[in-house]
Structure formats: structure tokens, C-alpha cells
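Worksheet: one structure, shown below.
Throughout, read-outs are computed from the coordinates displayed, never taken from laboratory work. Keep in mind it's a predicted model, so treat the numbers as computed, not measured. Methodologically, a virtual Cβ is constructed for each residue, glycine included, from the backbone with ideal geometry; neighbour enumeration extends over all protein chains shown.
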Amino acid sequence: MSTTRKSTKAASDAATEATKTAQAAVNDGIERMTQGMSKIGSFGQENVEAMIECATTVAKGVEKIAAENVEYAKSQMDAGTDKFQALSKAKTPQEFFEAQSELFRTSMEQHIGQVNKVSDMWVAAARDAAQPLSKRYSAFVEMMQTR
């Protein structure tokens, strides 16, 4: 009987210890899963914030470009009057064609300059808009490497 009690006690102690170990493992797993879900949630929120920042930057860039194009259009309208006056002052066909050639040349130079300026503005807007997304990508890579 004494042996049976000892065996029963040993089995009971072993079962209790196994239950404690299993419970600790389950609790640890739940804790790690909760932490992982929390990290995923905050990572997702940071991604959304980066997307909003990106969209805001693009909108500001488009706004600047639109304002620049409006300003250029106004300056061209104002210059159109001066160009017409220069053409109307020509007294001979030769003077008219020279004035017209000069006006065409300066208009093309201005237009090419404006296209280059707006292109640079687009590149700057795209570069600035990509920064928050690039940071999020780097954070993602870093997160995956630490797993």
C-alpha cells in the first residue's frame, strides 16, 4: 500500500508538473501572439500614416506645379501683347519676319525652360512622396530580419 501511495503521489506530482509546464507554454504562446498582433497592428497603422503623408506630399507638389503653370500662362498672356506690338512695329516684311523669328525663338526657349522647371518639380514631388514609403519598407525589412 505504501508503494502504491508513493507511485500515485509520484504520478500525481508528475501530472501536476506537466500541467504547469503545459500551462506556462500556452501562456507564453498567448503572450507572444498578443505581442505579435500588437506589433502588426501598430506596423499597419504606421503604414497608413505613411500613405497619408505620401498622398499629402503629392497633393502639395501638384498644387505647386499647378500654381507654377498658372503663373507661366499669365506671363505668356502678358508677353503676348508685347509680342504683338513688336510685330506691328515692323515696317517691312523683312523686319516682320526677323521679329517673328526672334519671338518664336524666345518663346521656344521660355517654353523649354518651363518644361524643364515643371519636370524638376515633378521629380522633387515624387522623391519627397516616396520617402515615407521607403522608410516603411526599411522598417518592414528590419522587422523581418529580427524574427
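Considering segment 56-78, and only residues there that are without any contact (Cβ under 8 Å) to a residue 12 or more places away in the chain and among the hydrophobic types (A, V, I, L, M, F, W, C), the residue that is nearest to R136 (Cα to Cα) turns out to be A59.
When each of A11, A25, A50 is tested for being surrounded by 10 or more Cβ atoms within 10 Å (Cβ to Cβ) and in contact (Cβ under 8 Å) with a residue 40 or more places away in the chain, the lone residue that passes is A50. A single member of K20, K60 is among the basic types (K, R), in a helix (DSSP H, G or I) and under 30 Å from S119 (Cβ atoms), and it is K60. For segment 83-114, the set of residues classified as loosely packed, with under 11 Cβ neighbours inside 10 Å and either assigned to a helix (DSSP H, G or I) or among the small types (G, A, S) (or both) consists of Q85, S88, P93, Q94, S101, R105, M108, E109, I112, listed by residue number. When A99 is tested against the conditions (1) closer than 30 Å to W122 by Cα; (2) touching a residue at least 12 places away in the same chain (Cβ under 8 Å), the lone failure is (1).
Scanning segment 97-128 for residues that are among the basic types (K, R) and farther than 18 Å from Q76 by Cβ yields a single hit, R127. Per the conditions (1) surrounded by 12 or more Cβ atoms within 10 Å (Cβ to Cβ); (2) under 25 Å from K135 (Cα atoms); (3) free of Cβ contacts under 8 Å to residues at least 40 places away in the same chain, the sole criterion not satisfied by S42 is (1).
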